[in-house]
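None of the figures in this text is laboratory data; all of them are computed from the coordinates on show. Everything numeric here is computed off the predicted structure, so don't read it as measured data. No Cβ is skipped: glycine too gets one built from the backbone with ideal geometry, and neighbour counts run over all protein chains shown.
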Amino acid sequence: MSSEAYQKYYSEKSFRSKLQRMARTAGVQVVYAALLLYYMMRDAEVPVRTKLSIMAALGYFIFPTDAIPDFFPLLGFSDDLGVLIFALSHIRNHITPEIRERARNQLSVWFKQVDDADVDKVDGRIS
């Protein structure tokens, strides 16, 4: 299935629903990567072409059937993280300090403690 095919699975409602349901299972790295993309999607300064890439990556994240089903412990979200990191690494120039801050703030709402090392791993992989 091409990346364009996943765009149709993205909607803000379905994204927020899955993220809220699966945040703890997915873990800080997956949630942080998804939030970076989500906040870039909502940023008026991000070009439409870039938003199409974001929609494809978030559509894959939302898609109910993926390469490794999400219910498998530890491995379930590894493919999702790979797709999210891949997308972020290609559009990293659009990640502003404000977007990073918003994503970090939302992490602290959903997780009692956020290990900065987990966030730094994602930031390091997209740099």
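Between Arg24 and Asp79, what's the calculated FRET efficiency when r is the beta-carbon distance and R0 is 25 Å? Round to 0.05.
0.85
Looking at segment 85-127, which chymotrypsin sites (Phe, Trp or Tyr not before Pro) are in a loop (DSSP not H, G, I, E or B) and have at most 10 other Cβ atoms within 10 Å?
In loop regions of segment 85-127 (DSSP not H, G, I, E or B), there are no sparsely surrounded chymotrypsin sites (Phe, Trp or Tyr not before Pro).
Using a basic spin-label model with each label point 7 Å from the Cα along Cα→Cβ, how many nm lie between Ser108 and Arg42?
1.7
Net charge near Arg102, counting Lys/Arg +1 and Asp/Glu -1 over other residues with Cβ under 10 Å of its Cβ?
0
Enumerate the calculated ³J(HN,Hα) couplings along segment 92-105 in order (Karplus 6.51 cos²θ - 1.76 cosθ + 1.60, θ = phi - 60°), each rounded to whole Hz, writing x wherever the residue is Gly or Pro.
3J(HN,Hα) across segment 92-105, in whole Hz: 4, 5, 9, 8, 8, x, 5, 5, 4, 5, 4, 5, 4, 4.
Just to be sure I understand the model, the point goes 7 Å from the Cα along the line to the Cβ. What's the resulting Ser17 to Leu52 distance in nm?
2.7
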